[in-house]
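Here the structure is laid out as structure tokens; the discussion comes afterwards.
Derivation of every value follows stated rules applied to the coordinates shown; laboratory data play no part. Keep in mind it's a predicted model, so treat the numbers as computed, not measured. Glycine also receives a Cβ, built like all others from the backbone with ideal geometry; neighbour counts cover every protein chain displayed.
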Number of protein chains: 4
Amino acid sequence: MKISIIVGNPKPASRTRTIAEGLVDRLVDAAEHDVTVVDLADHAGQIFAWPSEELSELGRTVAESDLIVVASPTYKATYTGLLKGFLDRYAADALHGAVAIPVMTGADLTHSMGPDVNLRPLLVELGASVPTRSLYFVTSHMDRLDEVLDEWVAANRSALGGVLPADRGLASAGR
Amino acid sequence: MKISIIVGNPKPASRTRTIAEGLVDRLVDAAEHDVTVVDLADHAGQIFAWPSEELSELGRTVAESDLIVVASPTYKATYTGLLKGFLDRYAADALHGAVAIPVMTGADLTHSMGPDVNLRPLLVELGASVPTRSLYFVTSHMDRLDEVLDEWVAANRSALGGVLPADRGLASAGR
Amino acid sequence: MKISIIVGNPKPASRTRTIAEGLVDRLVDAAEHDVTVVDLADHAGQIFAWPSEELSELGRTVAESDLIVVASPTYKATYTGLLKGFLDRYAADALHGAVAIPVMTGADLTHSMGPDVNLRPLLVELGASVPTRSLYFVTSHMDRLDEVLDEWVAANRSALGGVLPADRGLASAGR
Amino acid sequence: MKISIIVGNPKPASRTRTIAEGLVDRLVDAAEHDVTVVDLADHAGQIFAWPSEELSELGRTVAESDLIVVASPTYKATYTGLLKGFLDRYAADALHGAVAIPVMTGADLTHSMGPDVNLRPLLVELGASVPTRSLYFVTSHMDRLDEVLDEWVAANRSALGGVLPADRGLASAGR
């Protein structure tokens, strides 16, 4: 199973990335799968470059994934321009066949609706299937990250249905 | 498999209903399943009544469905107040466990984004899984209904995945 | 100056109404203007009735207003079906020429974006000018209502510009 | 009066720019005002650079404007990442005091709702007043540009109210 994590934070190694990785860890046994993390902070200088072999390669890897976690901090009540710039490089429907999970982080609850009203429609427009709720995480709650992720997975695992491999029960049973 | 169709048109037996029923016909062999059509035009006088045994019963039937097609004409760029009034009667997360497909009809392409930016988030808020694209249908194209529905089903069947019964291949093969 | 307040709460005399009335009190000296309150809880049984002289009359009064405060509790992350049902009765662009202020109330900050992403576009679609920010009010803060309204008015008065009568400075100076 | 036009098209000298400039020409006599065009295609390499004196200077100029026309082609049903990247550089409420007009261009009517549901809330979040309807322009209608802009200005001039200078009547009278 191929999994990609796209992190739209202009700062590398962000909490947004930690949260997205934590989510994937709860869904599958990462060691047994092919997980690619695209931390866009490392590629910001190329986002508007045409052509860019570096970004084309990343784009292909993501598009071939079975599961894509798309994570962004909240900037102006929605996802970042960095994330949008990366996704804008795709042609229409380029993510068809993939399942995507929208994840956004924010300083408080004010922008809780951001992932469902902004990021989700963007992923649907790109052709991805978005069967679960979004995950919105308040960054001041990092000490409760495990608990929040466990709750999200419990509530949304069934919606991911056949996407997850048969070992998914084991992956979480080990926790 | 239990299937519900909610039709939010204040006029009964609308084209919106025809389209929603046509979609279900393409997804399953309706004769072999338990299909309930809730044409809200028939219940408009009860929408804001508390309590209403009639509406509570309808609400229960819909919430117990495996698949819910939620269809509305476009009023003011979004779903109708009639549909929202019906869905407002549910408690949070009441549709958890169901898969929902948002369907909207409009006079032209102007409000094509309506189902994805308005109806989809509403169904997600209610706890439903919305794994497919929405279907937006321009009512002046009724003569092309079969073609449009066939295209939609071809593009979205895989996202419905395990929701559909094993006979789904046969259901469409017969067409 | 004609002012209307539409309250979309199915329960009459709601906090949502109190908040909307408090906002108008801060914008103008209500005693000197023609203020109509349409508490939709009092008309719920007529919302889907055609024709309805009662609702047509209310609709005309609102449409002739210079300023319309449109207030709704948050149901399923957006405005109520009761409010939408009332507004659905209008033809396209029926509120052209009026300035509208979107107001929503909620139990916590989770749905803060509701008025800006859902109610505002609805009012724009109806032809109203929506020059200010929306007001989202957390109902557990009723003891801080005066403070919140004063802050909102201070931040948004200039955007209302020429809409308010020349006495508006006096109206607030008296507080 | 200070006016800024922000063009979010990654290609310079785009039709999107032409349309935005045409709109400003209809609203004021450009020769008598201070009009700045920020064609983001010319600054794409700096969008994610920190610090960037070039972008800070542009940002200041825009934020000091009385009127800002924000124009973007439609990418994935919404504004471009290039535009969002530029606007992300602002602090919250940085455009307070300015009036903004959302403009989007698209290949057909499919994404007509884009400016009202996506670009408008972004500008409101930045603190701008957005009193008019958005302008969505189908680029295959470039031969009808004058007509479309004239209609838009006729319908929205009153909502711009006191923003426009007293000579605005003359500006349009000359056409």
### Task
Those residues that are surrounded by fewer than 22 Cβ atoms within 10 Å (Cβ to Cβ) and over 16 Å from D:S4 (Cβ atoms), I need them from the stretch D:92-124; list them, please.
D:A92, D:D93, D:G106, D:A107, D:D108, D:L109, D:T110
## Note on the structure
Going through the stretch C:71-91 in order, the residues found to be surrounded by fewer than 24 Cβ atoms within 10 Å (Cβ to Cβ) and of a type in the set (D, E, K, R) are C:K76, C:D88, C:R89
### Message
I'm trying to understand the selection: among the residues of the stretch C:103-127, which are farther than 16 Å from C:W152 by Cα and in contact (Cβ under 8 Å) with a residue 40 or more places away in the chain?
### Response
C:G114, C:N118, C:L119, C:L122, C:L123
### Single match in B:T110, B:T139, B:T80, B:T105 (criterion: of a type in the set (V, I, T) and facing chain C (nearest Cβ under 10 Å))
B:T80
### Task
Within the stretch A:88-102, track down each residue that is in contact (Cβ under 8 Å) with a residue 40 or more places away in the chain and facing another protein chain (nearest Cβ under 7 Å).
none
### Message
Which count do you get for residues in the stretch A:101-121 that are among the acidic types (D, E) and part of a helix (DSSP H, G or I)?
### Response
1
### Task
Looking only at the stretch A:46-77, count how many residues are touching a helix residue (DSSP H, G or I) at 6+ places or on another chain (Cβ under 9 Å) and within 14 Å of chain D (Cβ to nearest Cβ).
14
### Query
In the stretch A:12-61, which residues are surrounded by fewer than 17 Cβ atoms within 10 Å (Cβ to Cβ), farther than 17 Å from A:G85 by Cβ and aliphatic (A, V, I, L, M)?
A:A13, A:A30, A:A31, A:V37
